Amino acid sequence: MKSLLYSKLSFTSLFLVHSLWLSAHIIMGRVTDSTTGEVITGATIFIPSLNIGTTSDELGAFVFKDLHGESYALTVSFIGFDTQNLQATTSTSLDINLKPASLNLDEIVVSSQRERSKTKTLLNKIDLELRPTRSSQDVLRMIPGLFTAQHAGGGKAEQIYLRGFDIDHGTDIRVTVDGMPVNMVSHAHGQGYADLHFLIPELIDNVDFNKGPYYAQQGDFTTAGYASFNTRNALGRSSLKFEAGRFDTYRAVGLIDLLKGSTNNRHNAYFASDLTFTNGPFESPQHFNRINLMGKYHGLIGTDKVLTVSLSTFSSRWEASGQIPDRAVKSGLIGRFGSIFDNEGGNTSRTNANIHLLKNLENGDLLRNQFFYVRNQFQLFSNFTFFLDDPIHGDEIRQFEQRDLFGYNLSYSAEREIGSMSLRSEAGLNIRYDKTKGTELARTARRNLLIERLALGDIDQMNAALYLDEVLKVNERFSVNPGLRFDQFSFGYVNLLDSIYDHPVVFANAVSPKLNFYYNASQNVQVYLKSGIGFHSNDTRVVVPQNGVEILPKAYGVDLGAFIKPFPRLLLNFAGWFLDMDQEFVYVGDAAVVEPSGKTRRYGFDFSGRYQATDWLYLDVDLNYTMPRSREVAEGEGYIPLAPTFTSIGGITTKFGKGLNASLRYRHISDRPANENNTVTALGYTLLDGGITYTARKFELGLSFENILNMDWNEAQFDTESRLFDEQESVSELHYTPGTPFFVKGSATFFF
């Protein structure tokens with residue numbers, strides 16, 4: 001049996017000795033994957049006779065204390081594994097190995113998901129099975145209610161829409177991978193720029209996501225929510241995957257288990273690679289190419305420490321047709337997949353080094369240390385307005401930056417008894433330092449001709465934070481989760497276009513309290529009320545000249561919702577929510593500034609349903625309604641441009657026996673205002689996608705389909721003022737990037 005450590009961890013015995021001294025009537029154990037040996041975090045362990053349950057922690061461990069009987073029946077379950085029923089005597093340690101199996105919604109026990117609503121993670125565990133992730137663009141769309149749009153040839157980070165936000169590229173959602181930040185502060189192309197293209201989709205193990213500013217562990221940009229992606233610690237088997245599709249699309253993925261056949265089952269290591277090329281459906285070929293490489297080690301060091309080390313690098317280059325004006329297509333000047341300029345495009349790269357050390361102390365507490373380093377380079381050529389400002393050369397701009405990012409995360413977790421109650425505590429420290437050199441915005445022509453530098457400077461930005469998160473389990477039904485976070489920022493900027501050398505530094509602090517409640521009405525019903533204050537930071541290039549105005553505007557949120565399992569194979573989630581923002585930011589890319597647009601208010605309703613009709617038939621749906629409005633404008637001018645008001649995602653998935661699986665999915669977004677007075681409309685769309693795979697012991701064959709009905713749809717849309725070469729006056733109207741027409745791709749995967 002391969003893998004991860006924990007089969008004979010001495011920390012378990014140490015913890016047992018300590019716990020047995022405290023109480024003679026306990027049941028403890030550890031839950032692992034019988035195939036890989038990896039621990040299972042979030043598995044449900046339930047004692048039916050007492051109607052109590054718990055979940056396994058990061059080391060797969062669990063404990064029931066203060067039991068009065070000598071023997072109890074246990075039910076252990078987790079999504080994607082066979083449920084195991086066993087008899088356990090008190091004062092013993094259990095080693096529970098779950099066998100992978102077909103997805104079964106019977107495994108979910110809602111009442112055991114207390115702290116930070118781990119049911120969200122389980123909901124996403126279902127979606128990882130039901131919603132195929134065909135590309136990097138699909139990664140973020142696994143979050144219910146989140147939509148993305150690409151408008152720069154596939155190489156730039158996607159535009160993100162969630163809970164009534166046009167988040168640009170990440171201003172109001174915090175994104176991490178294995179604890180490393182994805183959002184780039186004071187980025188050349190937008191505050192919070194979150195490029196996930198360095199993440200290989202086949203390596204995603206789980207996604208911890210939640211909406212709203214309610215979580216003490218999450219800091220800057222956590223207003224609409226956060227998404228924390230975690231990559232696999234071990235491979236069940238090595239594989240080679242080859243894909244080919246329309247528009248000269250090719251992809252090759254290799255996942256290689258480096259310790260296959262090793263007799264040491266305490267260590268895992270693998271290497272992964274992803275090479276992608278496509279020309280896209282545009283008349284001017286995209287020549288998009290990307291390479292991802294990643295190596296990861298995960299294993300037991302000594303007897304009480306778990307070490308995880310990963311190194312990865314990513315590089316991408318592309319051409320783009322850019323956004324096109326509606327009038328140019330309607331007049332026949334260009335086709336839907338044509339372009340006004342064909343010089344747009346860019347290149348980017350990211351290299352990551354990540355070290356995570358988890359230590360189990362003799363009393364069972366957990367100490368986590370994480371060090372990471374990121375090297376990021378970015379260059380983008382765009383032309384949003386054509387000949388509006390420069391009728392001779394055109395309005396092409398270049399955005400460039402080179403960044404070094406250093407970070408450290410520390411956390412300490414403990415669980416203690418307070419009379420009849422239990423208290424789970426987590427205290428943490430986060431430090432992040434960003435240093436960019438030569439962050440630039442320049443007017444150019446044909447990429448190589450420099451006309452004028454509009455902005456050029458070096459940025460130093462530091463964020464240090466302390467947080468405390470408590471989960472007080474009052475009884476088996478009711479838990480209280482208070483939290484408090486303190487962030488301190490320093491912003492430094494050297495304007496290299498200023499002949500007088502100056503290096504001003506501005507400081508700012510943010511205090512973010514949280515208070516959440518969870519009530520388990522029964523084993524299959526959990527009601528929650530979440531409340532908290534969050535924030536998003538402003539761009540250093542704006543903060544320093546303004547000397548600290550509008551640095552860390554706050555967000556005030558409340559969620560009231562419930563998880564319900566009315567039937568064993570039906571899981572429902574309802575939530576009504578409210579969010580006020582002190583300041584909405586709009587990034588103006590061709591001016592290198594972030595413009596404040598005033599206070600905003602959003603409220604809405606989310607619904608998610610997951611249903612297993614038979615052993616092989618699954619249905620899922622997400623419905624999201626939002627009312628987004630500005631609060632400090634004249635009547636009729638309070639619309640928030642491009643903010644989605646109604647979205648829905650859903651589908652049907654079949655998982656037949658003998659390896660045959662298929663899915664048919666839809667995604668819908670309604671029409672929405674493209675400007676403040678709703679005189680220009682961003683058009684909605686409804687698309688159908690699908691796929692079919694056949695999996696055998698040594699290989700897998702697949703076909704995937706996008707936009708099956710071949711609908712004309714607009715992916716990214718903006719109300720932009722522009723002027724074409726032969727126009728005397730500028731025109732403000734809808735500009736868009738056309739969405740992909742019917743697309744089919746085949747794949748072949750070989751396991752060894």
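Odds and ends about this structure:
- Check on Val480, in contact with a helix residue (DSSP H, G or I) (Cβ under 8 Å, 6 or more places away or on another chain), crowded, with 16+ Cβ neighbours inside 10 Å, in contact (Cβ under 8 Å) with a residue 12 or more places away in the chain and closer than 30 Å to Ala521 by Cβ: no
- Residue count, the range 646-683 (criterion: under 20 Å from Leu623 (Cβ atoms), out of contact with any Leu (no Cβ under 9 Å at 6 or more places or on another chain) and not in a strand (DSSP E or B)): 1
- A count restricted to the range 372-398 and to residues that are polar (S, T, N, Q) and either part of a loop (DSSP other than H, G, I, E, B) or under 13 Å from Asp342 (Cα atoms) (or both) stands at 3.
For (1) among the charged types (D, E, K, R); (2) surrounded by 15 or more Cβ atoms within 10 Å (Cβ to Cβ); (3) assigned by TED's automatic domain parsing to the domain that holds Ala328; (4) part of a strand (DSSP E or B), each residue gets a yes or a no:
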{"site": "Arg403", "(1), (2), (3), (4)": "yes, yes, yes, yes"}
{"site": "Glu417", "(1), (2), (3), (4)": "yes, no, yes, yes"}
{"site": "Glu426", "(1), (2), (3), (4)": "yes, yes, yes, yes"}
{"site": "Asn430", "(1), (2), (3), (4)": "no, yes, yes, yes"}
{"site": "Thr436", "(1), (2), (3), (4)": "no, yes, yes, yes"}
{"site": "Leu441", "(1), (2), (3), (4)": "no, yes, yes, yes"}
{"site": "Ala465", "(1), (2), (3), (4)": "no, yes, yes, yes"}
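- Enumeration of residues in the range 157-178 that are closer than 24 Å to Asn354 by Cβ and part of a loop (DSSP other than H, G, I, E, B): Ala157, Glu158, His169, Gly170, Asp178
- Val731 fulfils the conditions (1) surrounded by fewer than 18 Cβ atoms within 10 Å (Cβ to Cβ); (2) out of contact with any helix residue (DSSP H, G or I) (no Cβ under 8 Å at 6 or more places or on another chain); (3) not aromatic (Phe, Trp, Tyr) except for a single criterion, (2).
- Of all the listed residues (Pro568, Pro641), the sole one being under 24 Å from Gln191 (Cα atoms) and touching a residue at least 12 places away in the same chain (Cβ under 8 Å) is Pro641.
- Among residues of the range 169-178, those that are within 20 Å of Ala682 (Cβ to Cβ) and either surrounded by fewer than 24 Cβ atoms within 10 Å (Cβ to Cβ) or without any contact (Cβ under 8 Å) to a residue 12 or more places away in the chain (or both), counted: 1
- All positions within the range 277-299 that are in a strand (DSSP E or B) and touching a residue at least 40 places away in the same chain (Cβ under 8 Å): Thr278, Phe288, Arg290, Asn292, Met294, Lys296, His298, Gly299
- Residues that are out of contact with any Lys or Arg (no Cβ under 9 Å at 6 or more places or on another chain) and closer than 19 Å to Thr647 by Cβ within the range 687-716 comprise Asn707, Leu709, Met711, Trp713, Asn714, Glu715, Ala716, listed in sequence order.
- Enumeration of residues in the range 644-684 that are among the charged types (D, E, K, R), surrounded by fewer than 16 Cβ atoms within 10 Å (Cβ to Cβ) and under 30 Å from Val731 (Cβ atoms): Asp671
- The residues in the range 197-219 that are surrounded by fewer than 24 Cβ atoms within 10 Å (Cβ to Cβ), within 25 Å of Phe585 (Cα to Cα) and of a type in the set (D, E, K, R) can be counted, and the count is 0.
- Subset of the range 329-371 (residues that are assigned to a loop (DSSP other than H, G, I, E, B) and either touching a Lys or Arg at 6+ places or on another chain (Cβ under 7 Å) or among the β-branched types (Val, Ile, Thr) (or both)): Ile334, Ile340, Asn343
- Single residue of the range 45-72 satisfying the filter (loosely packed, with under 14 Cβ neighbours inside 10 Å and charged (D, E, K, R)) that is modelled with the highest pLDDT: Glu70
- When residues of the range 619-645 are limited to those that are assigned to a strand (DSSP E or B) and among the polar types (S, T, N, Q), the one farthest from Asp559 (Cα to Cα): Ser630
- Per-region count, the range 73-101, residues out of contact with any Pro (no Cβ under 9 Å at 6 or more places or on another chain) and either among the β-branched types (Val, Ile, Thr) or surrounded by 15 or more Cβ atoms within 10 Å (Cβ to Cβ) (or both): 16
- Residue in the range 179-196 that is surrounded by the fewest Cβ atoms within 10 Å (Cβ to Cβ), counting only those that are among the polar types (S, T, N, Q) and assigned to a loop (DSSP other than H, G, I, E, B): Gln191
The values are calculated or read from the model by the stated rules, or taken from the named source; none is laboratory data. Keep in mind the model is a prediction, meaning the values are calculated, not measured. Heads up, the Cβs are rebuilt from the backbone with ideal geometry, glycines too, and the neighbour counts pull from every protein chain shown.
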